[in-house]
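Presented below is the structure to which this report refers.
The values are calculated or read from the model by the stated rules, or taken from the named source; none is laboratory data. Everything numeric in this text was worked out from a predicted model, so none of it was measured. Reconstructed Cβ throughout: ideal geometry from the backbone, glycine too, with neighbour counts over all protein chains shown.
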Amino acid sequence: MNSTRRQFLQAAGSLATSCCLPGYGFAHESAKRDPMVGVQIAPHSMLDEGIDRCLDLLQGEARVNTLFIYSQTYHMGVTPQNVLATDHGVPVRDPRNRNLPNYWVKSDHSEFAGGLIQHEPQRDDLEYSDRDLFQEVRKPASDRGMKVYARILEAGGNRMDNIPGYRKVQTIDHLGHRSGGPCWNHPAYREWVFKTIEQLVTNYDLDGLQYGAERTGPMSHVLFRGETATCFCSHCIQRNQEKGIDADRARLGYGKLYSLIKATEQKKARPVDGLLTEVLRILQRFPEILSWDYQWFLADEEICTQVHHTAKAISPNIDSGRHVDHQRSSWDVFYRAAVPYSTMAENADFIKPILYHETLGPRLRWWVLERMKDRVLNELSLEQSLSLFYSTFGHTAKEMPQVEALDANGLGATYVYNETKRCKLGVGSHAKVYAGIGIDVPWYVPGGMEPRPSRPDSVEAAVVQAFEAGADGVLASREYNEMRVPSLRAFGKGVDQFLAVQSNSSSGSKP
Ligand SMILES: [Zn+2]
């Protein structure tokens, strides 16, 4: 632990017992920050609880000054009732018995009429169809000094039927089958996204916009999950051919990689020179594999760039930024290599990496280590694989839990510090960093989810560590309707600590 960080923690700790604050400083005390303190929230949560009541709770308990509200919820399934917070003061309704909209803004549907994809039509049988949340929340939010951001998450392959026409732009895998979400190179998909942004920013008075997808590339799908490689649609083939990348060679190479991983899953004989050697052999003989992967990520970058510039052209002061999902922020090495934060920052006002420290424990164990053990890292033990992860992703192994402790302990606030710091160093002065702090994020079990309540001290520490690493804001994530009041209160306490220490630092008092 460096000395500045130790000083901060000492100072923060003293706040609980003393009104005479010592003059310790933050790593970035020279630039006093007015932090963004946000919450990710679904539109129906505010309408269920009542807008005023909901805003008061968020401001009073969690110090929230910015609302990140979904303008469309096509990506969402039905959240099981057992993981919803029950202490907000309003009875929780069973989500299975509800008929909620997916498109929460009023827009000109005729604008989409000529395209392959439309939006969900306005229907009177949908709950809240007579409400216009983004219009209704504006004044109550402003009255409280709160900002309103729209938030869009791309709907993936398991939600194709939520959007009219979405299947027409679905990706094609290396075997020629429709598979996964929309193709980032499909012109009709891009047009739909940009028009959606255009209407949203034109029709509503928004302070900010957050956009992002939660997908990685074909290399990760094959090597980490044993899934087929996408996308090989005509648009992707044309794009790659224009870059001098041979589609047949790429398809052949991915086929060989896929067969190798499937054989490993089935515990067939280890290749004579070893699995990793065989993987590297295929990559060297078919460099088109890597090129295809990189072009896929560049297509996503082009969409995010255009989203940003579309919003800024209409509303120059809008705070427009990127959602970076957990696999991209924390464990997918191919994405990390292809798209560094410095690249994202060229076309974003802020970057919001997901840094859910508690739930990263089971996610790392079951979504990363165990999956890789069955596939590309089959030759390593789980302990060796975890050690490799810590070493190559910038963590100090002795500060982190070992395999058997991941489920129970999660990764701790040090992980939040490390990843926030990395993001800050990457973006430099080009963009702000809003750390996505995980609160009461449930865990997936067969047939549903189970609650995974946060420890208040852990949430508070994560907020403190994010600020100590230089975050320009913290965002309570992932969904407000999962967050229990003690957790929201702990989030607010972390914010209070930052504000108090910062205030004391700028006053120049000495201990
Ligand atoms: Zn494609």
Members of the range 155-184 that are away from the ligand (no atom under 11 Å from the Cβ) and under 23 Å from S110 (Cα atoms): A155, M160, D161, N162, I163, P164, G165, Y166, R167, K168
Pull out all pairs, ordered by first then second residue, where Cβ-Cβ is under 9 Å, the residues are six or more apart or on different chains, the first lies in the range 242-258 and is of a type in the set (F, W, Y), and the second is assigned to a helix (DSSP H, G or I). Y254/P218; Y254/M219; Y254/V222; Y254/E288; Y254/I289; Y254/W292; Y258/V222
Restricting the range 310-354 to residues that are touching a Gly at 6+ places or on another chain (Cβ under 9 Å) and among the charged types (D, E, K, R), which is surrounded by the most Cβ atoms within 10 Å (Cβ to Cβ)? K352
Looking at the range 374-384, can you tell me whether even one residue there is crowded, with 19+ Cβ neighbours inside 10 Å, in a helix (DSSP H, G or I) and either at positive phi or not polar (S, T, N, Q) (or both)? no
Which members of the range 188-239 meet the condition of being within 14 Å of the ligand (Cβ to nearest atom), of a type in the set (V, I, T) and either touching a residue at least 12 places away in the same chain (Cβ under 8 Å) or crowded, with 21+ Cβ neighbours inside 10 Å (or both)? T228, T230
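Okay, residues lined up against (1) at pLDDT 95 or above; (2) crowded, with 24+ Cβ neighbours inside 10 Å:
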{"position": "A408", "(1), (2)": "no, no"}
{"position": "K421", "(1), (2)": "yes, no"}
{"position": "V427", "(1), (2)": "yes, no"}
{"position": "V433", "(1), (2)": "yes, yes"}
{"position": "I439", "(1), (2)": "yes, yes"}
Could you pull out the residue among S454, S458 that is within 29 Å of D34 (Cβ to Cβ), of a type in the set (G, A, S), modelled with pLDDT of 95 or more and surrounded by fewer than 24 Cβ atoms within 10 Å (Cβ to Cβ)? S458
Any chance G89 is part of a loop (DSSP other than H, G, I, E, B), closer than 25 Å to Y204 by Cβ and over 26 Å from the mean Cα position of the chain (by Cα): no
Among the residues of the range 131-163 satisfying the criterion of being of a type in the set (D, E, K, R) and at pLDDT below 95, which is nearest to T216 (Cα to Cα)? R159
For the range 72-80, check the following and say yes or no: at least one residue is farther than 23 Å from R322 by Cβ, surrounded by fewer than 13 Cβ atoms within 10 Å (Cβ to Cβ) and without any contact (Cβ under 8 Å) to a residue 40 or more places away in the chain. yes
Enumeration of residues in the range 47-71 that are on the phi > 0 side of the Ramachandran plot and surrounded by fewer than 18 Cβ atoms within 10 Å (Cβ to Cβ): G50
Restricting attention to the range 274-290, does a residue exist that is within 15 Å of the ligand (Cβ to nearest atom), out of contact with any Cys (no Cβ under 7 Å at 6 or more places or on another chain), part of a helix (DSSP H, G or I) and among the aliphatic types (A, V, I, L, M)? no
Just give me the residues in the range 240-269 being more than 13 Å from the ligand (Cβ to nearest atom), polar (S, T, N, Q) and part of a helix (DSSP H, G or I), in sequence order. S259, T264
Write out, first by first residue and then by second, each pair whose Cβ atoms fall under 7 Å of each other, whose residues are 6+ apart or on separate chains, and whose first residue, in the range 37-48, is over 16 Å from P140 (Cα atoms) while the second is among the polar types (S, T, N, Q) and part of a helix (DSSP H, G or I). A42/N481
